[in-house]
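First up is the structure itself, then whatever we jot down about it.
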Amino acid sequence: MSLNLENKVILVAGGSSGIGIALVKQAVSLGAHVHVVGRSTEKLALVQASLGSSITTHCADIGIECEVEEIARTIPVVDHLVTTAAALVFKPFLETSRADIDSMLGSKLIGPINLVKHLAPRMPHSGSITFYSGLAAYKANAGASIVAAVNGALDGLTRTLAIELAPIRVNVVSPGVVDSPTWDFLPADTRSGALGSIGDALPVGRVGTTTELANAGLFLIANGFATGTVLQIDGGANA
Ligand SMILES: NC(=O)c1ccc[n+]([C@@H]2O[C@H](COP(=O)([O-])OP(=O)(O)OC[C@H]3O[C@@H](n4cnc5c(N)ncnc54)[C@H](OP(=O)(O)O)[C@@H]3O)[C@@H](O)[C@H]2O)c1
């Protein structure tokens, strides 16, 4: 795959952690200027310190439309839009609070909708949009009902926008379990054992890396024939 991002502008919501930060680093190394969006100023400051003037950070909650509108006002052109943003809660459905639901819908469904609404009009015909959904949409797991719902919704949103926004391309990567900070809620002494057991049960014998999932997003950005694609990169979990 050859991808030259010299003079390209990419916006990565969720680019201050995990898969997003891996994608931001690779995009910068390929020549892009990257706008990184997240809610925590501390996390954004760490990315800024490591990547300097190759990135611009924006502290915003993508689930809040006026915050996305404000970012869009400051960026005249965006070549590629990516969102890996997610604030998820894994709980039995009947214990899931309204705040939990708002956090999940805001970060993974309303957020992507807000981003497309305000940034697609600033994208060239050669532009692309890449969402990240997840395995929960295709493989049911107790405790992940709302996660499954938002991931599944992104599938339909992607395939419909691919038609409506053409020739801008719209795709979604569906990761399986990946070793990222998203799992840091697990107690330190059980985290690696838990991810190890999940990996052992997969055909590839391990969980994914953030770089592997960032590469999947970069592949979709690079491939001009890919649109309306749901790219499942999950170690065979859905095989
Ligand atoms: N890791 C996995 O095992 C796995 C499995 C399946 C699917 N996925 C999906 O892959 C994507 C990336 O996962 P990851 O593991 O890299 O996630 P992560 O490390 O938890 O990073 C999530 C990022 O999203 C940002 N964020 C959360 N809510 C936001 C909001 N409302 N507005 C703006 N930014 C927000 C976070 O920063 P702030 O908190 O500072 O806002 C953080 O930078 C997600 O869509 C996730 O659901 C991951």
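Here the Gaussian network model covers the chain, with springs between Cα atoms less than 10 Å apart; of 201, 72, 226, 201 fluctuates the most. Straight-distance candidates among the lysines for linking to residue 8, with alpha-carbon spacing under 17 Å and chain neighbours fewer than 8 residues away dropped: 25.
Were the residues from residue 222 through residue 70 laid out at 0.36 nm apart, the gain over their Cα-Cα distance would be 51.9 nm. Distance between the 7 Å Cα→Cβ label points at residue 125 and residue 141: 4.2 nm.
For residue 7, put the label point 7 Å out on the Cα→Cβ axis and report which residues of the range 124-154 keep their amide N under 16 Å from it. Only 124-127 pass the distance filter.
Inter-label distance, residue 77 to residue 164: 2.5 nm, where each label sits 7 Å from its Cα along the C-beta direction.
Maximal additional length on extending the residue 155-residue 191 stretch stands at 10.0 nm, based on 0.36 nm per residue less the C-alpha distance. Based on protein heavy atoms only, the range 89-199 ends up with 47 Å² per residue of surface accessible to a 1.4 Å probe.
Counting only protein heavy atoms and a probe of 1.4 Å, the accessible surface of the range 88-233 is 61% carbon and sulfur. Over all orientations, the range 1-107 has a Cα convex hull whose mean projected area works out to 7.8 square nanometres.
The values are calculated or read from the model by the stated rules, or taken from the named source; none is laboratory data. Model, not experiment: these values are computed from the prediction. A quick note on method: Cβ atoms are made from the backbone with ideal geometry, for glycine too, and the neighbour counts reach across all protein chains shown. Heavy atoms of the whole protein, side chains included, go into the accessibility calculation; ligands, DNA and RNA do not. Shrake-Rupley method; radii C 1.70, N 1.55, O 1.52, S 1.80 Å.
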